[in-house]
Amino acid sequence: MKLHPLSVPYRVGKRAVSFGWAIVVGLAGASSALPGRWRLAAAALVVLALLALVGHEVAVHRRFAYALTASTLDISSGVLSRREREIPLGRVQNVDVSRNVVQRALGIATVNVETAGGGETEVVLECVSAAEADRLQTEIRRLKRAAAGETDASEAATGDGSRAGAAAGAPETVFELDDRHLLLASALSFDVRLASIGFVAQPFVWPFLADEFGGLGGALLAVAIAVGALAVVLALWAASAFRTFVRYYGFRLTRAGDDLRYERGLFQRYTGTIPIEKLQTVVVRETVLQRRFGYASLAVETAGYAPGSGPSGGSEAAVPLATRRQVLALARDLEPVGDLDLAPAPTRARRRYLGRYAILAGAAVALAAGVHYLVTPYPFWWLSLALVAVVPVAAHYRWRHLGRAVDGEHAVARRGFWTRRTHVVPIDRVQTVIERETLFQRRWGLASVVIDTAGSGGGDAAVVDVDAADAAGLVATVTAGLREHLVRRRG
Amino acid sequence: MEDLHPRVRLLWTAGAFVAAAVLGAIAGALAWFDPLSLSLPPLAVAGTVFGVAFVVGVTYAALRYRLWRFEVREDTLYIERGVVTRVRTVVPYVRVQHVDNRRGPLARLLGLGTVVVYTAGSRGADVSVPGLAAERALALQDRLRDLAIESDPTDAV
């Protein structure tokens with residue numbers, strides 16, 4: 001099969017736009033500095049480059065062919081050095097389709113095929129027709145399932161009747177984000193921590209503003225600062241909301257057998273599949289705002305993407321916003337974890353944070369005082385003292401949101417106040433277990449355990465600051481659980 | 001539990017020497033150009049910084065050697081290390097993707113080698129055993145490879 005003929009003009013346009021700026025700058029420089037005939041030569045050079053680009057893209061298009069066989073995806077490509085690839089469908093992790101505004105107007109789409117090996121996307125088909133993209137996505141899924149069905153038909157027959165039944169049926173909608181919830185999700189997506197940047201940055205910013213506003217009287221100055229800070233916060237909020245709105249517009253999650261399929265996006269439309277069998281970690285994410293209103297989001301990590309290379313620039317969000325109960329139900333549906341009643345961290349962890357934050361707050365106050373006395377008079381430097389009052393509160397909340405539950409089936413680790421993340425790791429997905437004790441942790445008899453999996457998106461699943469003896473027990477539980485799983489799978 | 005080869009201290013000491021020399025040179029250059037006009041003798045500053053950094057480096061190397069341990073267990077590789085932050089890593093053989101043997105120029109001179117174990121995990125490349133006698137490194141590589149092959153035929157994801 002060939003790529004869609006329109007992909008030639010599309011790719012030429014895309015390359016031309018990305019070089020366009022350089023050309024414009026070059027031309028502008030040339031026309032002002034060069035005499036007439038040189039100007040002509042420069043223009044000719046640009047036309048020549050454009051022709052070369054068109055020729056190259058035509059050649060690429062002519063020499064690129066793909067074919068989907070019963071068990072492999074074959075790609076032959078390359079103009080000067082030819083490259084033939086056969087990708088076993090069993091190794092394919094994700095098939096993603098994205099369509100930006102231009103592509104939607106032309107009726108074409110980009111298809112990305114991810115495998116677990118290597119850092120980058122294995123196959124990029126740029127571009128095929130929209131119908132062909134859909135066909136590839138469903139066909140690869142079907143062929144994969146057929147191949148898998150042959151090898152472990154016995155397993156499907158004995159176990160999981162519900163999954164096998166679902167596999168046969170049509171895709172069912174698992175979750176849909178309606179407009180009201182999309183707006184809500186956009187509004188709640190703001191990371192409140194960003195607002196604190198102003199507070200931390202004030203000693204650095206003030207020396208530059210001192211000349212402008214130093215003349216204002218005390219009360220007026222306070223009002224000016226408050227209004228400025230509010231404007232910055234609102235702008236950040238709006239930007240964050242807009243980003244979320246564009247990203248998750250028209251979000252829909254469907255399930256066909258062992259695959260989740262999502263579609264989303266306002267300007268650029270993404271559809272992709274998330275294979276549940278390759279699921280590495282399920283992450284329930286709740287920001288402060290979301291927690292306050294009883295909402296949460298859910299992310300599913302699979303082995304397909306290298307860190308940060310997913311289409312959403314991180315782990316694939318399976319559900320951007322739903323009520324906490326819905327999210328937990330879906331999480332359990334994907335990975336049957338029991339009740340999330342997590343064991344708290346020991347109270348000496350809280351004392352550790354108290355010390356740590358006290359040092360940080362002291363440093364901030366010292367900085368503000370330093371600017372005031374050494375660099376430039378700074379009217380509200382003592383406001384930094386408020387940080388000291390916040391220290392015990394911060395330490396308490398950081399401690400309160402720590403939790404863990406580890407048994408032979410799952411490791412659950414929760415942490416974070418601003419964005420609380422609850423990682424659920426199936427024990428049979430564990431790659432390595434790393435136990436760490438820093439110098440400060442050793443003083444308190446505490447340790448942290450990182451449970452590493454092949455999914456590497458939104459942070460590590462880490463049990464932070466538990467009793468050192470408990471940490472050792474945790475490592476033993478996880479490794480023993482993994483061993484048991486492997487024995488069961490083989491037996 | 002197995003210790004590293006004692007010669008690895010020499011390797012690490014050489015590293016500490018280079019780092020101390022660089023630090024000393026920077027301190028000396030700073031004293032020479034003297035931006036804060038403290039007018040300190042550059043040579044003495046360079047010498048002192050180098051001396052302190054080297055002593056710290058050597059002590060660190062000695063402690064690091066003393067705390068480094070690993071064990072080839074029945075179905076996992078266990079590694080214990082770290083002076084400031086103690087780290088204990090458990091790598092099940094099922095998860096091993098491949099095993100490398102690495103030897104830098106100085107390590108070759110000292111007859112040492114490093115075994116690096118790769119997993120599919122995001123921290124896969126973290127797992128390495130430095131400073132083994134060359135033949136021990138080869139033997140460990142072979143052993144880990146065999147254990148990885150015999151432990152499971154399915155993909156390590």
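The values are calculated or read from the model by the stated rules, or taken from the named source; none is laboratory data. Keep in mind the model is a prediction, meaning the values are calculated, not measured. FYI the Cβ positions are ideal-geometry reconstructions off the backbone, even for glycines, and counts take in every protein chain you see. Just the protein is used for accessible areas: all its heavy atoms, side chains included, with ligands, DNA and RNA removed. Shrake-Rupley method; radii C 1.70, N 1.55, O 1.52, S 1.80 Å.
Flag not set for B:L112, criterion: within 14 Å of chain A (Cβ to nearest Cβ) and either in contact with a Leu (Cβ under 6 Å, 6 or more places away or on another chain) or open to solvent by less than 10 Å² (accessible area, probe 1.4 Å) (or both).
Residue count for the stretch A:206-224 satisfying the condition of being open to solvent by less than 80 Å² (accessible area, probe 1.4 Å), in contact with a helix residue (DSSP H, G or I) (Cβ under 8 Å, 6 or more places away or on another chain) and either modelled with pLDDT of 80 or more or under 13 Å from A:F380 (Cβ atoms) (or both): 4. Set side by side, the residues A:A364, A:A394, A:A369, A:A413 differ, and just one is out of contact with any Gly (no Cβ under 9 Å at 6 or more places or on another chain) and at pLDDT 90 or above, which is A:A394.
Residues in the stretch A:361-385 that are of a type in the set (A, V, I, L, M) and open to solvent by less than 50 Å² (accessible area, probe 1.4 Å): A:A361, A:A364, A:V365, A:A368, A:A369, A:V371.
Of the strands (runs of 3 or more DSSP E) lying entirely inside the stretch A:54-133, those containing at least 2 residues that are among the small types (G, A, S) span A:65-68, A:72-77. If I filter the stretch A:430-453 down to residues being among the charged types (D, E, K, R) and open to solvent by less than 40 Å² (accessible area, probe 1.4 Å), which single residue comes out as modelled with the lowest pLDDT? Only one residue tops the list, namely A:D452. Collect the residues in the stretch B:59-95 that are more than 9 Å from every other protein chain (Cβ to nearest Cβ) and of a type in the set (G, A, S), keeping them in residue-number order. Within the stretch B:59-95, B:A61, B:A62 meet the criteria.
Residue by residue, here is whether (1) open to solvent by 60 Å² or more (accessible area, probe 1.4 Å); (2) in contact (Cβ under 8 Å) with a residue 12 or more places away in the chain; (3) in contact with a Lys or Arg (Cβ under 6 Å, 6 or more places away or on another chain) holds:
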| residue | (1), (2), (3) |
| --- | --- |
| B:A46 | no, yes, no |
| B:V49 | no, yes, no |
| B:A53 | no, yes, no |
| B:Y60 | yes, yes, no |
| B:Y65 | no, yes, yes |
| B:W68 | no, yes, yes |
| B:Y78 | no, yes, no |
| B:V84 | yes, no, no |
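Which of the residues that make up the stretch B:86-112 are of a type in the set (A, V, I, L, M, F, W, C) and closer than 25 Å to A:R436 by Cα? Talk me through it step by step, then tell me what you get.
Taking the stretch B:86-112 as the starting set, the residues that turn out to be of a type in the set (A, V, I, L, M, F, W, C) are B:87, B:90-91, B:94, B:96, B:99, B:106-107, B:109-110, B:112.
Those that are of a type in the set (A, V, I, L, M, F, W, C) and closer than 25 Å to A:R436 by Cα: B:V87, B:V90, B:V91, B:V94, B:V96, B:V99.
The stretch A:234-306 holds strands (runs of 3 or more DSSP E) entirely within its bounds, and those carrying 1 or more residues that are crowded, with 16+ Cβ neighbours inside 10 Å and within 14 Å of chain B (Cβ to nearest Cβ) map to A:269-275, A:279-287, A:295-302.
If you go through the stretch A:88-114 and keep only what is within 14 Å of chain B (Cβ to nearest Cβ) and either surrounded by 18 or more Cβ atoms within 10 Å (Cβ to Cβ) or under 15 Å from A:Y270 (Cα atoms) (or both), you end up with A:L89, A:V92, A:Q93, A:N94, A:E114. Can you list the strands (runs of 3 or more DSSP E) found entirely within the stretch A:394-489 that contain at least 2 residues being within 11 Å of chain B (Cβ to nearest Cβ) and of a type in the set (V, I, T)? Per the criteria, A:432-437, A:446-452.
Is it the case that the stretch B:126-136 has a residue that's in contact with a Phe, Trp or Tyr (Cβ under 9 Å, 6 or more places away or on another chain) and within 11 Å of another protein chain (Cβ to nearest Cβ)? Checking the stretch B:126-136: at least one residue is in contact with a Phe, Trp or Tyr (Cβ under 9 Å, 6 or more places away or on another chain) and within 11 Å of another protein chain (Cβ to nearest Cβ).
So that you can scan it fast, the table gives a plain yes or no per residue for (1) under 23 Å from A:I451 (Cα atoms); (2) polar (S, T, N, Q); (3) in the same structural domain as B:A14 (by TED's automatic domain parsing); (4) modelled with pLDDT of 85 or more:
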| position | (1), (2), (3), (4) |
| --- | --- |
| B:N101 | no, yes, no, yes |
| B:G111 | no, no, no, yes |
| B:V117 | yes, no, no, yes |
| B:S122 | yes, yes, no, no |
| B:S128 | yes, yes, no, yes |
| B:G131 | no, no, no, yes |
| B:A137 | no, no, no, yes |
| B:L144 | yes, no, no, yes |
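For beta carbons closer than 6 Å, sequence separation of 6+ or different chains, a first residue in the stretch A:339-367 that is among the charged types (D, E, K, R) and a second that is surrounded by 14 or more Cβ atoms within 10 Å (Cβ to Cβ), the qualifying pairs are A:R348/A:W444; A:R350/A:A395; A:R350/A:W399; A:R352/A:W444.
For the stretch A:330-354, what are the residues that are assigned to a helix (DSSP H, G or I) and surrounded by 14 or more Cβ atoms within 10 Å (Cβ to Cβ)?
Selection gives A:L330, A:A331, A:R332, A:L334, A:R348, A:A349, A:R350, A:R352, A:Y353, A:L354.
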